[in-house]
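The values are calculated or read from the model by the stated rules, or taken from the named source; none is laboratory data. Predicted, not measured: the structure shown is a model, and the values here were computed from it. No Cβ is skipped: glycine too gets one built from the backbone with ideal geometry, and neighbour counts run over all protein chains shown.
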Amino acid sequence: MRPAWALLGLCCLIWRVTGGPSGDFCSQIHNSGVKPGFPKTIKTNDPGVLRAARHTVERFNNCSNDIFLFKESHVNSAMVQIVKGLKYMLDLEIGRTMCKKTRHPSLDKCDFQTNHTLKQTFGCYSEVWVIPWLHEIDVPVLHCH
């Protein structure tokens, strides 16, 4: 396992020198205690988890025929795994907002539905792949019920 950490440290150093991801990203991964290939439970309020949850609802909104936008209401559990970047595995709840898709507002400014007949929530499992050095974020797995 030591060669993997050395390689990760070298990559972080190269990224810093070449203007890649911030030093915060590199130190966050290096000091996280996550070993490459092994999933680890992380806090649901971790900034990476919150960004992954937002990408999850953006994908849901892009695939949904609903006229209203949904946003994350609660992350129940989260895991991260280092494989070809970071793979977040999330169990979260999403809820319908009062914002319509046609207006494209920021989800941060959207309140959840208060109208009882329009309220709707889903429990979702998603996997979000973050590859910072390629500036790629993908949500290949999204199951909501």
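Figures for the structure shown
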| read-out | value |
| --- | --- |
| Residue in the stretch 119-129 that is farther than 13 Å from A53 by Cβ and modelled with pLDDT under 95 present | no |
| Residue within the stretch 90-105 that is part of a loop (DSSP other than H, G, I, E, B) and either assigned by TED's automatic domain parsing to the domain that holds R54 or in contact (Cβ under 8 Å) with a residue 12 or more places away in the chain (or both) present | yes |
| Any hit, the stretch 91-112, residues being under 20 Å from K40 (Cβ atoms) and at pLDDT 95 or above | yes |
| Selected residue (criterion: nearest to L90 (Cα to Cα)) from residues of the stretch 49-76 that are without any contact (Cβ under 8 Å) to a residue 12 or more places away in the chain and in a loop (DSSP other than H, G, I, E, B) | S64 |
| Unmet requirement for I67, which otherwise passes all of (1) surrounded by 13 or more Cβ atoms within 10 Å (Cβ to Cβ); (2) in contact with a strand residue (DSSP E or B) (Cβ under 6 Å, 6 or more places away or on another chain) | (1) |
| Members of the stretch 60-89 that are over 19 Å from F112 (Cβ atoms) and within 13 Å of the chain's Cα centre (by Cα) | S77, A78, M79, V80, Q81, G85, L86, K87, Y88, M89 |
| Failed item in (1) within 14 Å of V128 (Cβ to Cβ); (2) touching a Ser or Thr at 6+ places or on another chain (Cβ under 9 Å); (3) not in a helix (DSSP H, G or I), with K87 passing the rest | (2) |
| Pairs, first within 22 Å of L92 (Cα to Cα) in the stretch 113-137, second small (G, A, S) and at pLDDT below 95, C-beta under 7 Å, six or more apart | W129/G85; V130/G85; I131/G85 |
